[in-house]
Amino acid sequence: MFAKWDIENDCLSAGPQSLKVDDSWLPVVDSVGTFNKKTHSKHLRLGDGQIDYYLIERAFDWAAQNRGIRNNKLSDTDWTQVEDSPLSASKKQDYKDYRQALRDITNHENWPNLTDEDWPILP
């Protein structure tokens, strides 16, 4: 991969692309490897005769995001707890337990950096 760097503005001006257009195009080196896209983002900078990828930690409020997800999951199951719900007593209890687990999610050991596996499973 090759790209062209605008030195005056300290930013990428063209590319990356697979073909080198002229000698002003520099090789792009990606030594970042695998990374968590939830917590980091990948960027380019001018290196020594090349353009390098590097990681920046994302400034994101995962706690607020996950509370919103939790609140939506609770809202989606409100109907299961009303008196005239068509669910059996046993199934209603399953939903009650699920909803309590959602309320307790902020106590999870991985909070607020939850994975899909950390969330309670819908009955």
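Here are some residues: Lys37, Lys42, Lys91. Which one is under 30 Å from Asn110 (Cα atoms) and at pLDDT 95 or above? Of Lys37, Lys42, Lys91, the one residue that is under 30 Å from Asn110 (Cα atoms) and at pLDDT 95 or above is Lys91. Total residues in the range 42-57 satisfying the condition of being touching a residue at least 12 places away in the same chain (Cβ under 8 Å) and exposed (fewer than 11 other Cβ atoms within 10 Å of the Cβ): the figure is 3. If I filter the range 32-57 down to residues being basic (Lys, Arg) and under 17 Å from the mean Cα position of the chain (by Cα), which single residue comes out as farthest from Ile7 (Cα to Cα)? The extreme case among them is Lys38.
Selection within the range 58-90: residues that are in a loop (DSSP other than H, G, I, E, B) and either in the same structural domain as Val29 (by TED's automatic domain parsing) or under 23 Å from the mean Cα position of the chain (by Cα) (or both). The member of this set that is surrounded by the fewest Cβ atoms within 10 Å (Cβ to Cβ) is Ala59. What tally of residues in the range 100-115 results from selecting those that are charged (D, E, K, R) and closer than 16 Å to Gly68 by Cβ? Summing the residues that are charged (D, E, K, R) and closer than 16 Å to Gly68 by Cβ in the range 100-115 gives 1. Can you name the residue in the range 91-119 that is part of a helix (DSSP H, G or I) and of a type in the set (Phe, Trp, Tyr) and, of all such residues, is nearest to the chain's Cα centre (by Cα)? Result: Tyr98.
The values are calculated or read from the model by the stated rules, or taken from the named source; none is laboratory data. Not measured: the values here are computed from a predicted model. Quick reminder, even Gly has a Cβ in these numbers, built from the backbone with ideal geometry, and neighbours come from all protein chains shown.
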